[in-house]
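Encoded as structure tokens, the structure appears first; notes follow it.
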Amino acid sequence: MNSILKSSIFSITNFVKNKNYNFNKGQILESLPNEYMEEAAKTICSWETYKPTPLVELNKLSNYLNVNKIYYKDEGFRFHLKSFKALGGAFAVDKIVKETKTNTVATATAGNHGRSVAWGAQKLGINCKIFISEFVSEERASAMRELGAEVIRVKGNYDASLKECLRKSKENNWEIVQDVSWENYMDVPKYIMAGYSIMIKEIIDELKDEKITHVFLQAGVGGMAAAAIAGFAKFSKYVPSFIIVEPEDAECVLESIKNSKPTSINIKKESIMGGMSCGDVSAVAWDILKNSSNYCLSISDQGIASTVALLSNEEFSKNKIIAGECGVPGIISLISLVKDQEKIKDIGINKNSKILLIGCEGLTDQKMYDQLLNEGLRKIQNV
């Protein structure tokens with residue numbers, strides 16, 4: 001394992017310290033209201049198949065990196081959808097249907113969010129329209145169809161699928177359940193983020209008074225990252241350092257933090273981390289991230305397959321962990337940072353650190369997982 005972890009595939013592309021950092025609990029809970037998180041917890045915890053997902057200790061990796069503890073929240077066990085997204089979309093559908101009595105919801109997705117919306121619609125017996133880009137795998141499309149959704153494939157990337165979703169929804173008076181916010185569309189993304197905050201409640205409930213020092217948070221449009229920060233503001237008495245992680249070709253949060261304003265990215269190359277390949281930060285997420293994230297960094301796709309294989313081979317933990325491509329960027333970032341003495345000193349990671357990583361998806365695409373696992377096994381065996 002030592003050789004592969006020391007190799008150049010574990011490296012950071014860009015790194016930014018947030019010069020506007022100013023954690024303000026009241027402001028955060030104004031951006032994502034306390035009552036939304038309380039309602040989400042009450043609703044989701046009442047669902048018949050609900051149970052907290054495992055918080056796994058990556059004890060082998062913490063020994064190697066010489067840090068106190070590394071916790072990995074394994075969302076591969078989230079309901080039968082195997083992703084943290086199950087918490088957000090389904091809760092938002094539940095709330096929207098109660099408010100509007102609609103019989104059709106619609107969304108654009110790279111896969112996991114759409115499955116959650118489709119599942120929420122299926123539970124309530126209403127119609128669901130899912131818009132996906134040409135880059136979303138057929139396996140993910142089939143999974144949404146199996147939940148009763150009509151799947152519409154759109155030429156172009158995620159942004160193109162979102163535009164088509166908005167156009168068709170306006171034409172047909174469908175209720176949009178989107179995890180991205182824009183002008184006059186703020187409440188639904190907040191419902192979705194409130195659902196995501198359940199992850200942090202579960203972690204704090206399990207660890208009790210244990211202090212987490214650093215949290216690595218994947219960002220696409222920033223919804224999960226902002227929801228996790230809000231979760232800490234609500235449920236924890238400690239404030240850790242928050243490190244935002246993005247693909248190098250879609251670092252919209254990093255650029256926004258660097259420029260102190262929302263900044264769009266023209267995505268020229270789609271990342272393997274499809275659910276994180278987003279060109280614009282959500283306005284609701286930005287309200288939280290702009291002052292509450294400590295650092296932003298980006299990584300390439302190079303380490304994804306190897307990390308998937310190392311988790312599967314029990315190299316990081318006594319447990320075999322099945323992680324999808326968006327579940328591993330936090331691990332890659334941590335390993336890469338520890339190799340950089342200057343950055344690790346700045347961030348304050350040391351032998352006393354207790355680090356939280358979000359394994360945000362498990363086996364959500366069998367074909368993609370098999371490809372990554374086989375590629376990763378070849379890489380780690382050849383080093």
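Could you give the accessible area per residue of the chain, probe 1.4 Å, as a whole number in Å²? Provide the component values of the computation, followed by the final result.
Values: 15290 Å² over 383 residues.
Heavy-atom SASA per residue in the chain reads 40 Å².
Which FRET efficiency value, to the nearest 0.05, do you get for Glu342 and Asp370 by plugging their Cβ-Cβ distance into 1/(1 + (r/R0)^6) with R0 = 45 Å?
0.70
Among the trypsin sites (Lys or Arg not before Pro) in segment 91-149, which ones are in a DSSP loop with at most 11 other Cβ atoms within 10 Å of the Cβ? Mind listing them?
Values: sites: Lys95, Lys98, Lys101, Arg115, Lys123, Lys129, Arg140, Arg145; in loops: Lys101.
Here the sparse-neighbourhood loop sites are Lys101.
Any of Lys101/Lys367; Lys163/Lys201; Lys85/Lys367; Lys19/Lys95; Lys320/Lys345 with alpha carbons more than 26 Å apart? Name them for me.
Numbers: Lys101/Lys367 38 Å; Lys163/Lys201 34 Å; Lys85/Lys367 20 Å; Lys19/Lys95 37 Å; Lys320/Lys345 31 Å.
In this structure, Lys101/Lys367; Lys163/Lys201; Lys19/Lys95; Lys320/Lys345 exceed 26 Å between Cα atoms.
Could you pull out the GluC sites (Glu not before Pro) across segment 1-59 that fall in loop regions by DSSP (anything but H, G, I, E, B) with no more than 11 other Cβ atoms inside 10 Å? Can you show the working numbers first?
On the way: sites: Glu30, Glu35, Glu38, Glu39, Glu48, Glu57; in loops: Glu48.
Sites meeting the loop and neighbour criteria: Glu48.
Could you sort Lys51, Lys201, Lys170 by accessible area so the largest value comes first, with the probe set to 1.4 Å? Walk me through the numbers before you get to the answer.
Details: Lys51 135, Lys201 60, Lys170 180 Å².
The residues order as Lys170, Lys51, Lys201, largest area first.
Please give the calculated 222 nm ellipticity per residue for the chain, where each DSSP H segment of at least 4 residues contributes -39500 (n - 2.57) and the sum is spread over every residue; nearest 500 deg cm²/dmol? Let's see the in-between values first.
Working: 17 runs with 177 residues, N = 383.
Calculated from helices alone, the mean residue ellipticity at 222 nm is -13500 deg cm²/dmol.
What figure, in Å² to the nearest 10, do you get for the accessible area of Phe23 with a 1.4 Å probe and non-protein molecules left out?
50 Å²
(1) 19.2, 58; (2) 21.9, 74; (3) 20.5, 68: which one is Rg and Dmax of the Cα atoms in Å as calculated from this entry?
Matching the structure shown: (1).
Using only Cα atoms and rounding to the nearest 10 degrees, what angle (0 to 90) does helix 187-196 make with the longest principal axis of the chain?
40 degrees
Heads up, I need the accessible area for Glu325: 1.4 angstrom probe, whole protein in place, Å², nearest 10.
Its heavy atoms expose roughly 10 Å² to the probe.
Could you compute the FRET efficiency for Asn127 and Arg167, with r as their C-beta to C-beta distance and R0 at 22 Å, rounded to 0.05?
After rounding to 0.05, the efficiency reads 0.80.
Cα to Cα, under 20 Å, and not fewer than 8 places away if on the same chain: which aspartates and glutamates meet these conditions relative to Lys168?
Of all the aspartates and glutamates, those that pass the test against Lys168 - Cα under 20 Å, at least 8 places apart if same chain - are Glu134, Glu150, Asp159, Asp179, Glu183.
Could you check the simple spin-label distance between Lys101 and Asn68, using points 7 Å along Cα→Cβ, in nm with one decimal?
Inter-label distance under the simple model: 5.5 nm.
Per-residue accessible area for Arg153 at 1.4 Å probe radius, Å² rounded to 10?
100 Å²
Starting from the amide H of Ala106, placed 1.01 Å from N in the peptide plane, find each other amide H under 5 Å away whose residue is 5 or more places distant or on another chain.
Long-range HN contacts for Ala106: Lys129, Glu175, Ile176, Val177.
If a/c stays under 1.5 just call it rounded; otherwise compare a/b with b/c (prolate if a/b is bigger, oblate if not). Do that for segment 210-346, with a ≥ b ≥ c from the square roots of the Cα gyration tensor eigenvalues. Show your work: numbers first, answer last.
Values: a/c = 1.63, a/b = 1.17, b/c = 1.40.
Since a/c reaches 1.5 but b/c is at least a/b, the shape of segment 210-346 is classed as oblate.
Could you please put Trp174, Trp286 in sequence from largest to smallest accessible area, using a 1.4 Å probe? Please report the intermediate quantities before stating the final value.
Values: Trp174 50, Trp286 25 Å².
Greatest to least solvent exposure: Trp174, Trp286.
How large is the charge dipole for segment 191-278, taken about the Cα centre, if only the Cβ atoms of Lys, Arg (+1) and Asp, Glu (-1) carry charge, to the nearest 20 debye?
Values: 9 positive and 11 negative charges, 60 e Å.
My answer is approximately 280 debye.
Nothing charged except the Cβ atoms of Lys and Arg (+1) and of Asp and Glu (-1): what's the magnitude of the dipole of the chain about its Cα centre? Round to the nearest 20 debye. Before the final figure, lay out the partial values.
Details: 47 positive and 46 negative charges, 108 e Å.
Approximately 520 debye in magnitude.
Please report the carbon-and-sulfur percent of the accessible area for the chain; probe 1.4 Å, protein heavy atoms only, DNA, RNA and ligands left out.
Carbon with sulfur: 44 percent of the solvent-accessible area.
In what order, largest first, do Asp209, Asp370, Asp74 sit by accessible area if the probe radius is 1.4 Å? Present the calculation step by step, with values, prior to reporting the outcome.
Working: Asp209 105, Asp370 60, Asp74 5 Å².
Solvent-accessible surface, decreasing: Asp209, Asp370, Asp74.
May I ask you to list the lysines whose Cα is less than 20 Å away from that of Lys318, ignoring any residue fewer than eight positions away on the same chain?
Of all the lysines, those that pass the test against Lys318 - Cα under 20 Å, at least 8 places apart if same chain - are Lys60, Lys69, Lys73, Lys354.
The values are calculated or read from the model by the stated rules, or taken from the named source; none is laboratory data. Worth saying up front: this structure is predicted, and the values here are computed from it rather than measured. Counting neighbours? That spans all protein chains shown, and the Cβs are built from the backbone with ideal geometry, glycine included. All accessible areas refer to the heavy atoms of the entire protein, side chains included, with ligands and DNA or RNA removed. Shrake-Rupley method; radii C 1.70, N 1.55, O 1.52, S 1.80 Å.
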